[in-house]
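Derivation of every value follows stated rules applied to the coordinates shown; laboratory data play no part. Bear in mind that the values here come from a model prediction, so they are computed numbers and not experimental data. Every residue, glycine as well, gets a Cβ built from its backbone with ideal geometry; the counts of neighbours run over all protein chains shown.
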Amino acid sequence: MSTEPVISLHDVTFSYGGVPALEDVNLSIGEREAVSIVGPNGGGKTTLVKLILGLVRPQRGEVRMFGQPPQRARLRAGYMPQRVQHDPQFPVTVMDIVLMGRLGQRGLGGLLGWHGQADRCAALAALDQVGMADFGRRSFAELSGGQRQRVLIARALCCQPDLLLLDEPTSNVDSLVEARLLELLRQLNRQMTILMVSHDLGFVSGLVESVICVNRRVVVHPTSQLTGAVIRDLYGGEVRMVRHDEFSPFGHTHD
């Protein structure tokens, strides 16, 4: 395994219209780590993800992905957004959705969306990874919430990434789907680094080694130190922590 951090931020500050969103952020995430970003709405979680992906640039400090500026390295990252704008009347198939993950790849085909045999093989492999190999021709609109989540993860995997970023992967799914997603992410973590934004603290404790607490400033805690007092201080009040002890390899309990 490489000693080069997959993600590193040094003294990073970012503001919107002169109002600080993040201040003096120092962060390092290594190869095949599983890490979660938590924090209150408006605390800077989305801004942190945008900085990591190079979608915005810091006013001060340095951001690196695989030792390079994110704009040069982000083809090695797969991203699953929290929400997908989708017209259910638009006739798009599961395969169409997953192939979107090949956009931006090097070459004219990646730029214009001309998908070749290699792209389709990568899409089929990604669908197989998430247990959706038989759904390629199905309409995306016909799928359940959990199936859609798996397809969106497959889209992120289609670029064959070394880093997987997930924004609220358990939103709008039930506990059974959560359990299946957790097992899938455990398997993927053997191959790649996983970074996810989640308010489901019980879910993330079953996967991640450390938690990035974001509320304008960033503090990293090992999962074992994510106590009720830490959460109250971060969110400014009580936050419900769902128990997932039966899934947790760390043996944690939650307040």
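For this structure, a couple of remarks:
- For the stretch 133-215, the relative contact order comes to 31 percent (Cα pairs under 8 Å, sequence separation of at least 6).
- Ordering Phe203, Phe90 from the fewest to the most neighbouring beta carbons within 10 Å gives Phe90, Phe203.
- Simple spin-label estimate for Gln187 and Asp24 in nanometres, 7 Å along Cα-Cβ: 4.5 nm
- Each residue in Val173, Val220 was given a count of other beta-carbon atoms within 10 angstrom of its own, and listing them fewest first yields Val220, Val173.
- Counting other Cβ atoms within 10 Å as a rough exposure proxy, the listed residues Ser28, Ser8, Ser205 run Ser28, Ser8, Ser205 from fewest neighbours to most.
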